[in-house]
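See structure below.
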Amino acid sequence: MKRQRVKIVIVPLGDVDYFQINKLSTTLSSRFGYSVDILQGIKIPNEAYDLIKGQYFSTMILQKLELLKATDKERILGVIEDDIYNARHHVLVSDVDAVGGTALVSLFHLKQQFYGLPDDEKLIYQRLVKEATRVVGALFSIPYCRNPKCVMYNSDEMFDIDEKSEKFCDICRRTYMKVM
Ligand SMILES: [Zn+2]
């Protein structure tokens, strides 16, 4: 039997900027030291859409992403442009199912235009990298960090995301070295 390899798999959902996805895969690969595959984009599941909220139910999307896993060793990261929510939060930038090994990042609130500001591709990408690193880190069992400069800091507010760096602090880096 072939040995299963740990791998990060990015799944674009709906209309997503492939230029950013490609850059993201390179960044995640160097940060985590594993190869990153990009799957062909999938349609956002209609049944996850809540007509009244006008948002997608992230828990259901995470379940769909889990079905795409080829092996138990894969960590799946979905990227979506649309607005998502779950049972606990009606404003959500990302969501993680640590048991299923799946995570989802939404660009909806990361975009400047959401705040009535001009679009800033570089800033959106930085935010995407930080959120993606944090949730993939969570999939590798790195707990949230109390250091506000660390990428694993649990940043709910856009201000916190912008203030923290894209990298692990020393403690999180060592935690990751133990689990990788
Ligand atoms: Zn840290």
Answer residue from the stretch 165-180, given it is at pLDDT 95 or above and not in a helix (DSSP H, G or I) and is nearest to the ligand (Cβ to nearest atom) among those: C169
Of all residues in the stretch 113-159 being closer than 18 Å to D17 by Cβ and basic (K, R), the one that is farthest from the ligand (Cβ to nearest atom): K122
Residue among L110, L77, L28, L24 that alone is part of a strand (DSSP E or B), closer than 30 Å to R173 by Cα and in contact with a helix residue (DSSP H, G or I) (Cβ under 9 Å, 6 or more places away or on another chain): L77
Residues within the stretch 32-41 that are modelled with pLDDT of 95 or more and farther than 14 Å from V6 by Cα, tallied: 2
Filter result for V135 (out of contact with any helix residue (DSSP H, G or I) (no Cβ under 9 Å at 6 or more places or on another chain) and either at pLDDT 95 or above or of a type in the set (S, T, N, Q) (or both)): yes
Residues that are among the hydroxyl-bearing types (S, T, Y) and surrounded by 14 or more Cβ atoms within 10 Å (Cβ to Cβ), drawn from the stretch 21-39: S25, T27, S29, Y34
Lone unmet requirement of (1) more than 15 Å from the ligand (Cβ to nearest atom); (2) loosely packed, with under 13 Cβ neighbours inside 10 Å for L110: (2)
Positions within the stretch 113-151 being over 23 Å from T26 (Cα atoms) and crowded, with 20+ Cβ neighbours inside 10 Å, in sequence order: C145
Contacts under 7 angstrom Cβ, first residue in the stretch 135-155 being more than 16 Å from G100 (Cα to Cα) and assigned to a loop (DSSP other than H, G, I, E, B), partner aliphatic (A, V, I, L, M) and within 11 Å of the ligand (Cβ to nearest atom), 6 or more apart: Y144/M152; M152/I142
Test: residue in the stretch 152-164 that is modelled with pLDDT of 95 or more and within 17 Å of S29 (Cβ to Cβ): no
Residue selected from the stretch 30-76 under the condition of a type in the set (D, E) and in contact (Cβ under 8 Å) with a residue 40 or more places away in the chain, by the criterion nearest to V96 (Cα to Cα): E74
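The values are calculated or read from the model by the stated rules, or taken from the named source; none is laboratory data. Keep in mind the model is a prediction, meaning the values are calculated, not measured. In this analysis, Cβ positions are derived from the backbone assuming ideal geometry, glycine residues included, and neighbour counts consider all displayed protein chains.
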